[in-house]
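What follows draws every value from the coordinates through simple rules; no lab data is involved. Being a predicted model, the structure only gives us computed values, none of them experimental. Counting neighbours? That spans all protein chains shown, and the Cβs are built from the backbone with ideal geometry, glycine included.
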Amino acid sequence: MRRVILYEGFERFWHWSQALLIITMMLTGFEIRGMGLHLFGFQRAVSLHNILAVALVVLIVFAIFWHVTTGEWRQYIPTRKFLREMIAFYLTGIFKGAPHPVKKHRMAKLNPLQRLAYLGFKTLIIPVQVTTGALYYYYPNLQHALHWPASSLWLIAIVHVLSAFGLVAFLIGHAYLTTTGHTPLTNLKAMITGWEDLKDDAYLDEP
Amino acid sequence: MFPSFQNPSPPRLRWVIQTLAGLLCLAQVQAWAQQPAPSAPAGHGAFLEVHRAKGRRQTADHSKFKILQGPFKEGDGPAVTRACLTCHTKAAEQVMATSHWTWNVADHGKDGFGKSTHLVNNYCISIIGGNTESCARCHIGYGFKDKTFDFTRQENVDCLVCHDTTGDYEKEKAGLPNPGVDLAAVAQKVGEPTNRNCGVCHFFGGGGDATKHGDLDDTILKAPRSEDVHMSRQGAGMECVDCHVSDGHRIAGPNYVVPADRREQAKYPGEAASRMSCTACHSDSPHKSYILNRHYQKVACQTCHIPAFARGELPTNLYWDWETAGRLKNGRPYQEEDAKGFEGYNSIHGEMVWDRNVKPTYLWYNGNLAFVRLTDSIQVPADGKVVLNPAEGSYADPNAKIWPFKLHDGRQPFDTVLNRFVAPYTAGPKGSGAYWGDWNWEVAIRKGMETAGLPYSGKYGFVKTTMLWPITHMVAPKEQALSCLECHRRNGRLQGVSGFYLPGRDRGRGVDFIGLGLILVTGLGVLVHGLMRYFHGHF
């Protein structure tokens with residue numbers, strides 16, 4: 001057993017501020033949509049949603065820079081290795097107390113399912129949200145300048161909202177799966193403190 | 001280089017300056033602290049100041065002019081006009097070129113629109129069926145009784161109705177002055193028109209105070225700021241002519257030629273540009289919020305800033321059913337009040353509905369109302385209701401905006417063979433054939449159409465009609481502007497305005513079903529998985 005830093009300072013800052021931003025944007029977004037939330041009031045919800053959107057984009061720019069410069073982007077390269085085993089683990093093994101099929105490593109801290117999920121999150125859901133959000137915000141200008149038909153805002157809104165629902169589902173699954181670590185709180189603690197006890201020393205010696 | 005910038009003042013001098021400046025600021029701060037808070041926000045200009053400035057504007061004291069000393073014969077309006085014209089030699093000529101005189105909007109390129117033409121409405125219907133004499137109480141002329149009126153006689157122009165500042169001037173049938181008015185006294189006190197001058201006619205359209213427009217009535221003269229932020233004496237204290245600017249008696253703003261919204265500016269210095277759009281004074285981006293400002297592209301200012309019309313004490317007419325007119329009690333016409341205390345029935349008008357504080361109806365509008373005339377053939381649509389002046393515009397129309405309207409419903413007579421509206425003769429005594437004298441539609445319509453010189457088949461019926469009245473006055477203080485949720489929700493104020501996606505209103509049930517379903521399935525999956533782990537003892 002060895003204690004290692006699994007998540008660096010910036011990574012944790014990025015993760016938690018992104019979480020806070022996205023959750024607040026979910027709340028404001030669904031209030032704007034009229035889903036029965038009355039937290040901020042419509043006008044303030046709209047302003048907050050837009051301000052947070054800019055903040056999120058800034059954060060993402062920094063995160064991209066960090067991923068590129070540290071090489072951490074490699075963590076998200078999808079792999080089929082152990083994919084089947086991971087699925088089997090979640091479907092059956094976990095109930096029997098079977099060991100986790102993939103060992104964590106400082107340079108391979110994500111299992112193949114996580115890689116797929118986070119890659120999808122980063123390259124699909126977030127870009128879709130950012131793009132449709134920007135189109136939504138600038139729709140009056142675009143409509144005016146490019147003579148977009150009235151139905152285009154409808155389309156933009158549908159994609160933006162469906163993707164937002166997807167984000168909520170993602171958040172639920174994500175939060176639950178953090179409890180599947182060594183103990184239910186192991187993963188959460190690691191994301192807060194950065195440290196995690198890694199069991200298998202053999203992996204740690206890999207370069 | 002400038003040496004004074006490089007060399008700081010000597011230390012002692014600087015100390016003195018700083019101390020003095022500090023003391024000055026302190027005194028100012030104390031003065032602020034001692035000032036009582038202003039009781040009512042005064043808008044952009046305190047009323048008194050605006051009006052003191054107006055008082056100074058006049059360069060002549062008309063009581064000093066001999067020719068206005070009179071005496072004038074009782075009711076001899078033309079004599080006063082002749083006196084006015086001795087100095088203002090071109091005034092009558094100017095007036096006679098305007099629609100105030102012709103009751104036709106030909107001077108704005110819309111010949112055939114106006115009261116003296118074939119235009120039809122669903123209040124008093126039309127003046128040309130023989131009703132001119134009583135309707136011309138509001139004509140700015142003397143003696144407009146019928147078609148024979150000489151529109152070219154300069155002395156027939158009534159200067160006093162617009163320029164009286166005493167409030168004592170009064171007009172009667174055919175627009176002649178009330179014989180009781182001291183014409184010399186009124187003539188010596190003429191000045192720039194105030195709200196009252198415009199109001200004596202424009203507040204009373206449709207035959208009574210507040211009846212027609214919904215956003216214009218007598219209460220404006222004493223309105224609190226909450227009723228009309230512009231014209232209230234506690235608000236900006238503005239006069240009608242502050243926005244309806246005139247140029248040689250040609251006043252901006254006939255209803256028939258108003259673009260929905262625009263930013264008007266003088267084309268050359270000194271040109272009297274009309275200020276008939278909000279943006280002419282307020283700019284097209286008056287809000288702090290960028291998003292609110294962008295609403296301007298598709299939403300008229302009036303839509304949010306006039307939350308309701310008829311916000312004074314007076315009700316405006318919303319429904320007028322000519323078909324039910326003519327019920328008599330013991331052979332005499334009568335009136336009845338409805339549950340609200342408003343005139344629910346009057347034999348001369350029929351059943352009526354009145355109300356105060358009415359939420360407008362919202363429609364796309366590019367400034368054009370497609371008026372139906374007595375000479376146009378009508379088609380009764382499926383819902384049985386003919387719109388007399390449908391608003392033009394749609395989401396796709398770059399000049400159109402969502403505007404508030406007063407919708408005036410009613411039923412009125414039409415020629416069932418020719419499919420045209422008719423102009424009945426209504427205002428006249430017993431035996432004249434007028435509807436209010438003899439209570440016979442058959443005769444009243446025939447006589448009316450004869451007088452108007454229009455064909456009539458002899459067969460009439462009644463048809464439901466709606467008339468649109470754009471709402472633009474009675475702007476509320478900004479605190480009373482509509483909140484976002486008045487429109488950005490299901491079944492809000494804009495529920496009926498179609499052709500575009502409105503966030504908050506057009507939330508699709510299918511999308512919600514898919515999205516909430518996805519969340520539900522994920523939640524259930526997580527729950528089942530968690531419970532299984534728990535029961536297997538591996539949580």
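Restriction of the trypsin sites (Lys or Arg not before Pro) in segment B:291-388 to DSSP coil positions whose beta-carbon has at most 13 other beta-carbons within 10 angstrom yields B:340.
Quote the relative contact order of segment B:457-523 in percent (integer), defining contacts as alpha-carbon pairs under 8 Å separated by 6+ residues.
Values: 21 pairs, mean separation 12.6, N = 67.
This gives 19 percent for segment B:457-523.
Helical content alone sets the calculated 222 nm signal of chain A at -20000 deg cm²/dmol, taking -39,500 (n - 2.57) per DSSP H segment of four or more residues and averaging over every residue. Largest mean-square fluctuation among A:95, A:82, A:42, in a Gaussian network model of chain A whose springs join Cα atoms under 10 Å apart, belongs to A:95. Taking each DSSP H run with n ≥ 4 as -39500 (n - 2.57) and averaging over every residue of chain B yields -7500 deg cm²/dmol at 222 nm. Residues of chain B were split at every exposed loop site, defined as GluC sites (Glu not before Pro) in a DSSP loop with at most 12 other C-beta atoms within 10 angstrom, and the longest piece left, sites excluded, is B:272-539. Within straight-line reach of residue A:189, meaning a Cα separation under 15 Å, sit the following aspartates and glutamates at least 8 residues removed in sequence or on another chain: A:8, A:11, A:197. Volume per residue of the convex hull around the Cα atoms, evaluated for segment A:2-204, comes out as 151 Å³.
Once you've got the Cα coordinates, tell me which of B:145/B:340; B:145/B:406; B:110/B:430; B:212/B:340; B:145/B:329; B:64/B:147 are over 27 Å apart. Flagged as over cut-off: B:145/B:340; B:145/B:406; B:110/B:430; B:145/B:329; B:64/B:147.
In the calculated pair-distance distribution of chain B, the portion above 33 angstrom amounts to 53 percent of the Cα-Cα pairs.
Under a Gaussian network description of chain A, with springs only between Cα atoms under 10 Å, the residue in A:12, A:33, A:115 that fluctuates furthest is A:33. Across segment A:8-14, coupling constants 3J(HN,Hα) worked out from phi with the 6.51/-1.76/1.60 Karplus curve, θ = phi - 60°, read 6, x, 4, 4, 5, 4, 4 Hz, and Gly and Pro carry x. The residues neighbouring residue B:466, those whose beta-carbon lies less than 12 Å from its own, together hold a net charge of +2 under the Lys/Arg +1, Asp/Glu -1 convention.
Where the convex hull is taken over the Cα atoms of the protein assembly as shown, what is its projected area averaged over directions, in nm²?
Numbers: hull surface 212.5 nm².
So the mean shadow area of the Cα hull is 53.1 nm².
Summing charges over all other residues whose Cβ lies under 14 Å from the Cβ of residue B:144, with Lys and Arg as +1 and Asp and Glu as -1, gives +1. Summarising the label geometry, the points placed 7 Å from Cα in the beta-carbon direction at residue A:8 and residue B:94 lie 7.9 nm from one another.
Counting only other residues whose beta carbon sits under 15 Å from that of residue A:35, what net charge do I get with K and R as +1, D and E as -1? All intermediate terms of the calculation are to be shown ahead of the outcome.
On the way: positive: A:33, B:489, B:490, B:505, B:507, B:509; negative: A:31, B:506, B:512.
Within the 15 Å Cβ shell, the charges total +3.
For chain B, the relative contact order is 13 percent, taking Cα pairs closer than 8 Å that sit 6 or more residues apart in sequence and dividing their mean separation by the residue count.
Using a cutoff of 8 angstrom between alpha carbon atoms and counting only pairs six or more residues apart, the relative contact order for segment A:2-204 works out to 29 percent.
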